[in-house]
Amino acid sequence: MSRAKLIEKIKGKIVDDIYGSYEPIPHDDFKIGSSFFNHQCHRNTVQHATLHNSKIYMCYITTNGRDPVLHFVNKSGDSYQDNTLGYEWKLHDYWMIRKIHKSEYGLIRDTFQCARNTMIKKYISEFRIWINNIQPVEVI
């Protein structure tokens, strides 16, 4: 199997897992947030939580039922905010993973990397990741 096909196969398995195992966050529960468009959602949410006393949640986002992405959003009161994608939150579906504890804020990059690696390793061995030179960012 080619490297590209292997990556697509893993993505498909992750999407199936997302749809079968995680609760969707309804679009009605969102309000527009800031839009940094910088691929640093984990850091953006910590910044927002620190300045505005909001909470942080880890989630998956999918676009058109494909292309899984590990992502972080803020929550203030009853409303979630995507402070990375801003108004583009409407283009994605969100799936709740868990709340991030304040003790994790200083280690948010490690939390992000660990969650991404854990999901990938559910579907492919470390040996196959290594032999195919698959980078986590290529998968989720």
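Footprinting exposure proxy ranking of V46, V137, V69, fewest other C-beta atoms within 10 angstrom first, gives V137, V69, V46. Could you pull out the pairs from K11/K99; K5/K99; K5/K122; K9/K55; K9/K90 whose alpha carbons sit more than 28 Å apart here? Check vs 28 Å cut-off fails for K5/K99; K9/K55.
With R₀ fixed at 41 Å, the C-beta to C-beta distance from D29 to N133 puts the FRET efficiency at about 0.55. The fewest-to-most ranking of Y19, Y94 by surrounding Cβ atoms within 10 Å reads Y19, Y94. Helix 108-121 and the long axis of the chain differ in direction by around 40°, with both axes built from C-alpha atoms. Extension gain, R98 to F36, is 20.0 nm, computed as 0.36 nm per intervening residue step minus the present C-alpha separation.
Taking amide H positions as modeled 1.01 Å from N, with prolines and chain starts lacking one, no residue 5 or more places away or on another chain lies under 5 Å from I140. Distance from the Cα centroid of segment 33-73 to that of segment 1-23 is 21 Å (rounded to whole angstrom). The 3J(HN,Hα) values that the Karplus relation (6.51, -1.76, 1.60; θ = phi - 60°) gives for segment 128-140 are, in residue order, 5, 4, 5, 5, 9, 6, 8, 9, x, 4, 6, 9, 8 Hz. Gly and Pro appear as x. For I134, no residue whose modelled amide H falls within less than 5 Å of its own remains once neighbours fewer than 5 places apart on the same chain are excluded. Helix 3-21 axis versus longest C-alpha principal axis of the chain: approximately 50°, rounded to the nearest ten. Under a 5 Å amide H cut-off, with hydrogens placed 1.01 Å from N, I97 pairs with M58, C59, Y60 among residues at least 5 apart or on other chains. Using the alpha-carbon atoms, what tilt in degrees (0 to 90, nearest 10) does helix 41-52 show relative to the longest principal axis of the chain? With both axes taken from Cα atoms, the answer is about 10 degrees.
Taken together, the values in this text are just the output of simple stated rules run on the coordinates, not laboratory data. Worth saying up front: this structure is predicted, and the values here are computed from it rather than measured. Counting neighbours? That spans all protein chains shown, and the Cβs are built from the backbone with ideal geometry, glycine included.
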